[in-house]
Amino acid sequence: MIKIACFLTALLAVSTSAEYTGPTNQAGLNLIKEFEGFYANFYTDPVGIKTIGYGHACHVWNCAVPLNGKYNVPLTQATAEALLKEDLVAPGRYEQCVANAVTYANLNANQFSALASFTFNLGCGNLQSSTLLSLLNRGDVSGAAEEFAKWVYAGGQILPGLVRRRAAEKELFCSGGTCGTSTTCRGVTNDGINIRSSPSTSASVVGSLASGTAITITDRASGTNVNGNPYWFKISNGYVSAYYVNISSSNGAAWCAKN
């Protein structure tokens with residue numbers, strides 16, 4: 001009896017730490033649906049791709065009607081969600097990409113689903129080559145979570161919709177405290193600003209942020225005084241003057257203040 005009990009205990013320990021490999025949970029589906037938007041009929045997206053439902057893109061999928069041999073157009077929200085689930089689970093596509101790429105043994109359903117949304121939006125290749133994946137597979141869950149905020153560019157410009165989506169994916173990825181105690185804080189720009197290579201107004205410009213952009217701050221440094229404020233915030237690709245940032249969440253980081 002003791003041997004059996006020990007075996008069951010060991011089996012339970014293995015099963016509770018096993019990597020989750022799908023499917024995308026409802027929280028992940030809701031996230032994708034929110035940011036893709038629902039379209040009952042075919043439309044052309046801003047880059048010229050014929051699309052329908054929740055991001056069912058016709059340059060990727062056969063859009064002959066009925067879709068997937070079963071869904072008539074116009075779609076309902078129910079049939080569009082069913083189509084989305086089929087897209088996610090299709091062989092060689094998004095969920096399989098996440099399951100194959102991630103080797104982190106304790107991946108849970110929320111983390112998997114956040115990565116499925118990320119991959120649905122950006123493609124399997126970007127996940128496979130990302131620092132996010134490398135950090136996660138090394139067990140650095142907190143570091144991986146900070147990488148979401150770097151994937152907000154399209155055509156060299158930061159898109160507010162991508163900023164919001166990455167923040168939502170990070171929130172799902174970290175739900176339940178799985179990312180540990182954060183050493184970062186969050187802010188929102190109160191004006192259009194330049195990103196500098198160092199905390200100085202004479203440093204080279206490496207990017208720019210529009211007013212109202214959410215940013216993840218990893219450190220604070222002293223630098224060129226801007227309108228009476230000597231502090232600069234370190235973000236993913238450089239520094240921004242603290243004068244132009246309002247703090248939205250300190251996450252317990254004592255240094256996280258604009259003055």
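Quick rundown of the values:
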{"quantity": "Dipole moment magnitude, nearest 20 debye, the chain about Cα centre, only Lys, Arg, Asp, Glu C-beta charged", "calculated": "280"}
{"quantity": "Size of the chain as Cα extents on the principal axes (Å, biggest first)", "calculated": "63, 63, 27"}
{"quantity": "Cα-based reach from residue 234 at 25 Å (exclusive), listing lysines while leaving out same-chain residues under 8 positions away", "calculated": "150, 170, 258"}
{"quantity": "Exposure proxy order (Cβ contacts within 10 Å, fewest to most) of 93, 196, 164", "calculated": "164, 93, 196"}
{"quantity": "HN-Hα J in Hz across region 207-212 - Karplus 6.51, -1.76, 1.60, θ = phi - 60°, x for Gly and Pro", "calculated": "x, 8, 10, 7, 4, x"}
{"quantity": "Reachable lysines, given that their alpha-carbon falls under 25 Å from the alpha-carbon of residue 70 and they are not under 8 places away in the same chain", "calculated": "33, 50, 85"}
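All of the numbers you see were taken from the coordinates with simple rules; none came from a lab. These figures come from a predicted structure and were not determined experimentally. No Cβ is skipped: glycine too gets one built from the backbone with ideal geometry, and neighbour counts run over all protein chains shown.
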